[in-house]
1. Please verify whether the stretch 145-153 includes one or more residues that are within 18 Å of the chain's Cα centre (by Cα), of a type outside the set (Gly, Ala, Ser) and either under 18 Å from residue 214 (Cβ atoms) or not in a helix (DSSP H, G or I) (or both).
2. Which helices (runs of 4 or more DSSP H) does the stretch 185-302 wholly contain that include 3 or more residues that are of a type outside the set (Asp, Glu) and touching a Gly at 6+ places or on another chain (Cβ under 9 Å)?
3. Name the one entry in 307, 346, 316, 383 that is modelled with pLDDT of 90 or more and under 22 Å from the mean Cα position of the chain (by Cα).
4. Assess whether residue 631 counts as being closer than 20 Å to residue 371 by Cα, surrounded by fewer than 19 Cβ atoms within 10 Å (Cβ to Cβ) and either at pLDDT 85 or above or β-branched (Val, Ile, Thr) (or both).
5. Kindly list the number of the only condition in (1) part of a loop (DSSP other than H, G, I, E, B); (2) out of contact with any Phe, Trp or Tyr (no Cβ under 7 Å at 6 or more places or on another chain) that fails for residue 307.
6. Those residues that are assigned to a strand (DSSP E or B) and either out of contact with any Lys or Arg (no Cβ under 7 Å at 6 or more places or on another chain) or not hydrophobic (A, V, I, L, M, F, W, C) (or both), I need them from the stretch 460-470; list them, please.
7. Given the options 572, 590, name the one that is among the aliphatic types (A, V, I, L, M), in contact (Cβ under 8 Å) with a residue 24 or more places away in the chain and surrounded by fewer than 17 Cβ atoms within 10 Å (Cβ to Cβ).
8. Report every pair of residues separated by at least 6 positions or lying on different chains whose Cβ atoms are under 7 Å apart, first residue within the stretch 229-248 and within 24 Å of residue 183 (Cβ to Cβ), second among the polar types (S, T, N, Q).
Amino acid sequence: MASKPLKSARKVAETTDKAAREVLSNTAREAESLASEGYYAAQRLRNRVQFVLERLILRGALFRLVVIAVCIALISFFAGLLAVILTREFDSPGDGVWWAFLRMTDPGYLGDDEGTGLRVISTVLTVCGYVLFMGALIAIMTQWLNDRIKRLEMGLTPLVQRNHVLVLGWTSRTSDILRALMMSEGRVKRFLLDLDSRKLNVVLLVEQVTAALRVELQEDLGPWWDERRIMLRSGNMLSVDHLRRADFDNAAAIIIPGEDYSGEDAVANDTRILKAILSIDRNLIVRQDGRPPGIVAEVFDARKVPIAKTAYRDRIDILSSDALVARILAQTVRRPGYTNVVLSMIAHHDGQEVFVRKIPELEGKSVGGIHNGLLKGVFLGVIRDRDGALTPYLNPKPDFQLTADDSLVVLARSFEDCVPTSWEKATGRTQAAVDAQYPPKPRRILLLGWSHKAISLVQELAGYKTETFEVTSCSIVSEKRRRKDLYDHSAKTEGPRLSMVDGDFAVPGVLASLSPQEYDSVVFVASDRFRRAEERDARTVLGCLMLTHILSEKREGPAIIMELIDHENRMLFPPEAAEVVLSPMLISYLLVQVALRRELGAVFEELFGPRGAEILFLPASNFVATGESVSFLRIQEAVAAAGMIAMGIRFGTAGNEPGGGVELNPDRNRDLTLSTEDEIVILTAEGG
């Protein structure tokens with residue numbers, strides 16, 4: 001009987017113990033949960049404070065200074081109250097706070113305090129002052145100055161200029177454009193004089209201005225770099241806000257060059273330039289003087305030129321670089337040595353320039369008396385403005401009469417040399433007999449490489465109706481693709497007889513199998529397949545070296561013509577090895593000359609095209625006796641009697657020298673003894 005109560009008591013105890021354990025377990029869980037929630041809340045509070053501080057600090061130097069000022073105020077406040085409580089040195093809490101602030105901001109007070117407690121607090125405040133007041137303040141101000149200087153160097157500050165020249169984009173032409181602007185001092189002065197401006201300022205808008213870009217530009221320009229006159233701004237020419245950053249509304253001229261190897265094809269390049277022209281036109285703010293900036297832009301496809309001209313309301317000149325380079329290549333194929341004349345006229349290589357000058361005093365006079373009156377220049381023709389359309393008359397007939405608005409086109413060394421010092425009555429011309437310039441047989445051309453310029457070259461050769469060409473194209477671009485390119489560009493192929501070979505001319509066996517020695521000319525064009533200028537020029541240089549080796553045993557090989565991108569690669573070959581066309585440099589100088597004097601665009605269009613006046617090389621023996629002393633004035637008279645204009649001499653014995661022996665506009669009274677190898681550089685009217 002006694003065991004039952006014991007069992008009942010034991011059962012009650014076990015139940016009670018179990019309940020107690022459950023209560024303790026629940027209490028522990030609740031405590032743990034409360035602790036977790038408290039920790040989580042504290043963690044969120046700390047993260048919130050850090051986030052607020054982060055947002056304040058990232059808002060700029062002013063907010064960082066505010067944060068530091070608040071920290072200094074709080075430390076001064078609590079340290080001052082602590083000093084008042086622990087010591088009896090202060091009459092009020094305000095005196096203690098001021099004492100703490102002075103110890104933080106000026107460590108020189110540290111030795112003035114007495115008492116252990118006050119010295120400990122003063123020492124801690126002084127250390128905090130070094131960290132917060134001096135260290136943080138200097139760091140914030142230094143970072144602010146660095147950020148400000150970096151922003152200024154990046155060219156993000158809006159520009160305020162007037163009558164500046166704005167160049168849009170960093171391309172393979174940019175350095176040459178800036179160099180040409182800085183070199184054309186006289187032409188720039190006359191350009192600025194018309195705008196009532198005194199100083200040339202050039203603004204370059206690029207995607208991003210960097211220190212590396214600035215250094216590269218300084219190295220490219222060399223002595224022509226001028227920090228005061230060349231300003232860089234970051235921005236995209238397709239963005240109106242970025243254009244305003246360069247103050248495009250108040251520019252005197254805007255130059256928009258193309259890019260041969262930007263990673264985009266010719267269509268994308270032309271589209272980008274056309275959109276930039278439209279953006280400028282639609283967002284242009286009319287200036288107080290009512291004079292909008294003139295635009296000179298480059299497109300690749302000549303078919304887009306009339307479209308681009310309709311995209312701008314005022315003066316705009318569009319150059320088709322493909323057509324211009326193709327014309328120069330075609331003329332060089334027809335007349336080896338032609339590029340030397342072009343460089344002398346465009347790139348200031350020997351001090352000669354083509355000038356356009358109005359001389360109203362000559363109104364009513366005929367041009368026949370100009371030749372002998374220009375003692376330091378060569379008269380080339382006349383530019384006449386017909387309701388805004390510029391029409392060139394190069395090598396006009398002697399009875400061509402001038403009007404007050406006509407401009408003379410003169411090849412000279414300076415603008416002052418373009419004025420005739422005397423006037424003689426026009427003399428009659430007797431057509432002299434000259435040797436035939438071209439053989440009746442077709443001219444065979446080996447075209448190595450493929451690009452949009454090669455398409456234009458084929459089309460250009462088709463424009464010469466009095467000559468026939470046989471063109472063999474060799475490229476790693478498939479024949480199917482090349483024929484499609486010609487079809488897409490509506491290139492005429494009925495003029496030159498065109499055959500295509502698939503192959504890589506950089507492989508010696510492929511080049512030798514083409515039998516290059518059987519051609520009249522071998523033309524290398526920079527390939528579109530390679531995006532970098534170094535790669536394009538490297539293949540051209542390699543191909544020329546292999547071709548020279550193949551032709552080394554042949555006395556009279558074909559004329560070699562190369563298109564190069566980088567002008568430094570021109571020095572890799574002696575002048576007699578090949579004739580080089582530096583397409584970016586030629587286009588750059590043309591863009592600048594047309595921007596400063598738009599009439600020159602019509603002049604060069606006439607000179608380089610398949611129709612109109614042409615530049616020839618004719619034997620000197622056709623006009624004067626060789627082996628005898630003769631002045632250039634006498635040569636001019638003999639050439640003028642044949643209805644042509646003598647521009648200069650090409651000395652055959654100096655053909656291997658830089659410039660190919662071409663000397664334009666020599667001194668009139670200089671005695672020359674010409675040989676049978678020497679030729680006269682002739683400007684003839686349309687049809688030769």
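1. So the first thing to find is which residues in the stretch 145-153 are within 18 Å of the chain's Cα centre (by Cα), and the list is none.
No, there is no match, as no residue in the stretch 145-153 is within 18 Å of the chain's Cα centre (by Cα), of a type outside the set (Gly, Ala, Ser) and either under 18 Å from residue 214 (Cβ atoms) or not in a helix (DSSP H, G or I) (or both).
2. Details: elements: 185-194, 211-221, 240-245, 266-282.
Counting at least 3 such residues, we get 240-245, 266-282.
3. That would be 316, the only listed residue that is modelled with pLDDT of 90 or more and under 22 Å from the mean Cα position of the chain (by Cα).
4. Numbers: closer than 20 Å to residue 371 by Cα: yes; surrounded by fewer than 19 Cβ atoms within 10 Å (Cβ to Cβ): yes; either at pLDDT 85 or above or β-branched (Val, Ile, Thr) (or both): yes.
Judged against the criteria, residue 631 is a match.
5. All conditions are met except number (1).
6. Of the stretch 460-470, the ones assigned to a strand (DSSP E or B) are 469-470.
Listed by number, the list holds a single entry, 470.
7. The unique qualifying residue is 572.
8. Listed pairs, sorted by first residue: 229/201; 231/201.
The values are calculated or read from the model by the stated rules, or taken from the named source; none is laboratory data. Here the structure is a predicted model, which is why all the values come from computation and not from measurement. Cβ coordinates were reconstructed from backbone atoms using ideal geometry, including for glycine residues, and neighbour counts include every protein chain displayed.
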